[in-house]
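A quick write-up on the structure given underneath.
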Amino acid sequence: MVSRIELGDIVVDVVFKDIKNIHLGVYPPDGKVRISAPERMKLDMIRVFAISKLPWIKQQRRKLIEQERETPREYLNRESHYLWGRRYLLRIDYTDDFLGVFLRHSKIVVRVRPGSDRENIRSVLEDWYRETLKEAVKSLLDKWEPILGIKVERFFVQRMKTKWGSCNPAGKSVRLNTELVKKPQDCLEYIVVHEMLHLLEPTHNDRFIGLMDHFMPDWRHRRDELNRLPVRHERWDY
């Protein structure tokens, strides 16, 4: 069941679910607001909750609307692409030998067979990005699991339209946005630790903030750096 609440010029979509706690989200690209609420919760109570969060909602909407967008990628020679926050120029080599993706100084070299089209090039590059991110995440899990006393049973990297990451406390698993491979590694580490700590505390309550402050005192700086960077150009929905 879906309802709507109007707070001045802000419309909040309310989705009732079989959950225990209320969850608030503001989503790209234009700051749509959605609340997931327990099925038996009264709409008047949800409205009071939304009003109490109105300053935060407005702040998040402003950030999303003002955030820079990348231009669409065309997968052409000398086009800018990014790895760990650093800009590289794309170079496409058509060959039958040593196929794959290679870093050469300031270039990302994609070696594909003659006749490959842009879709082939895009697929090869995205597969390389995905594997590069997986290796980085594995290293971070090895580092942080003994520090946090948490064992992540499974992790996934995938294209995500509205989040940098998510977790499933019951399954002890985390999911990470493939776009993180293009951001500074400090930002990836922040998201990994953030999602790992959600296995201890599922909500963003005072206990969760305290855990973040304890284990990663500079997490706010890392979060702000990530939020300042351009996001992928595409049509977003949720």
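Checking each residue in region 128-137 for being open to solvent by 80 Å² or more (accessible area, probe 1.4 Å) and in contact (Cβ under 8 Å) with a residue 12 or more places away in the chain picks out no residue at all. Within region 199-217, residues that are within 17 Å of LYS172 (Cβ to Cβ) and at pLDDT below 95 reach partners that are open to solvent by 60 Å² or more (accessible area, probe 1.4 Å) and in a helix (DSSP H, G or I) with beta carbons closer than 6 Å, at six or more positions or on different chains, in the pairs GLU201/ARG207. A residue that is closer than 27 Å to ARG228 by Cα, out of contact with any Asp or Glu (no Cβ under 7 Å at 6 or more places or on another chain), open to solvent by 50 Å² or more (accessible area, probe 1.4 Å) and modelled with pLDDT of 90 or more can be found somewhere in region 10-21.
With respect to being open to solvent by 70 Å² or more (accessible area, probe 1.4 Å), among the charged types (D, E, K, R) and farther than 23 Å from HIS204 by Cα, ARG87 fits the description. If you go through region 190-201 and keep only what is in contact with a helix residue (DSSP H, G or I) (Cβ under 6 Å, 6 or more places away or on another chain) and open to solvent by 20 Å² or more (accessible area, probe 1.4 Å), you end up with just GLU201. Picking from residues in region 146-178 that are touching a residue at least 40 places away in the same chain (Cβ under 8 Å) and not basic (Lys, Arg), the one that is surrounded by the fewest Cβ atoms within 10 Å (Cβ to Cβ) is ILE147. Pairing each residue of region 114-127 that is within 20 Å of LEU180 (Cβ to Cβ) with any residue that is part of a helix (DSSP H, G or I) and open to solvent by less than 50 Å² (accessible area, probe 1.4 Å), provided the two are 6+ apart or on different chains, yields C-beta distances under 8 Å for GLU126/THR178.
The values are calculated or read from the model by the stated rules, or taken from the named source; none is laboratory data. Values in this document were obtained by computation on a predicted structure and should not be read as measured data. Positions of Cβ are generated from backbone atoms using ideal geometry, with glycine treated the same way; all protein chains shown enter the neighbour counts. Note: accessible area is taken over every heavy atom of the protein model, side chains too, but ligands, DNA and RNA are not part of it. Shrake-Rupley method; radii C 1.70, N 1.55, O 1.52, S 1.80 Å.
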